[in-house]
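Quick notes on the structure that follows.
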Amino acid sequence: SYELDLEMVRPDGTTRLTFAHGHADRDARGTVTGLHGTVQDVTEHKQVEVHLRAMAEMLDMAPSSITVHDRQGRFLFANHKTYEIHGYDKREFMDLTLRDVDVPESATLIEERMRIVAERGEARFEVVHVRKDRTKLPLDVFMKQVKWAGAPAVLSIATDITERKRAEEEKAKLEAQYLQAQKMESVGRLAGGVAHD
């Protein structure tokens, strides 16, 4: 039997990719006397494979974490950025679920968030994940209901907002210090006024 990938040129000059398979007829000495089989045009199929590989490479270069998970939180796809920001290699990460990476406060909201995405078709949330080294990873996540292999799934695009959270905390701290300074200044003026009186 044989299986061959062949490139065939049609009479009009166009090229088609084909897959041929079948068996060879042989005489008593083992000499091939004929071939029987089928030739299938796989041009479109091969083009889809090339496009899918290119899309996967582009998704791996994306600056955001991109995942697809089912309604139970089992990951079906994750790009390179996802593994990188969580601190896992691909195999380790794909063995996890949303419950494994969400901090307990976020994990308790998974079912409610899945319900909202199912009702609205999409939603945006801030969540906190836990990296492999157990440090916290704040994320801004856009979630959209999709189909994956014909079944309902959720596409998530997450952006690491660690720096934004750090800046917000610093701003809040400075505002608190400013308010405290204003209070102290007011108390000082009041004390000065009382002393003057």
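The values are calculated or read from the model by the stated rules, or taken from the named source; none is laboratory data. Worth saying up front: this structure is predicted, and the values here are computed from it rather than measured. Cβ coordinates were reconstructed from backbone atoms using ideal geometry, including for glycine residues, and neighbour counts include every protein chain displayed. For the accessible areas, the whole protein counts, side chains as well, though only heavy atoms, and no ligand, DNA or RNA atoms are used. Shrake-Rupley method; radii C 1.70, N 1.55, O 1.52, S 1.80 Å.
Return the total of residues in the range 67-87 being more than 13 Å from the chain's Cα centre (by Cα) and at pLDDT below 95. Residues in the range 67-87 being more than 13 Å from the chain's Cα centre (by Cα) and at pLDDT below 95: 2 in total.
Pairing each residue of the range 56-67 that is farther than 14 Å from residue 155 by Cα with any residue that is open to solvent by 20 Å² or more (accessible area, probe 1.4 Å), provided the two are 6+ apart or on different chains, yields C-beta distances under 7 Å for 60/80; 62/81; 63/81.
Within the range 77-97, how many residues turn out to be hydrophobic (A, V, I, L, M, F, W, C) and either part of a helix (DSSP H, G or I) or touching a Gly at 6+ places or on another chain (Cβ under 8 Å) (or both)?
So the count comes out to 3.
For the range 69-76, the criterion of being surrounded by fewer than 14 Cβ atoms within 10 Å (Cβ to Cβ) and under 18 Å from residue 151 (Cβ atoms) is met by at least one residue. Cβ separations smaller than 6 Å between residues 6+ apart or across chains give the following pairs from the range 94-116 residues that are free of Cβ contacts under 8 Å to residues at least 12 places away in the same chain to residues that are small (Gly, Ala, Ser): 116/123. Residue-level check: of (1) touching a helix residue (DSSP H, G or I) at 6+ places or on another chain (Cβ under 7 Å); (2) open to solvent by 20 Å² or more (accessible area, probe 1.4 Å); (3) in contact (Cβ under 8 Å) with a residue 40 or more places away in the chain, residue 80 misses just (3).
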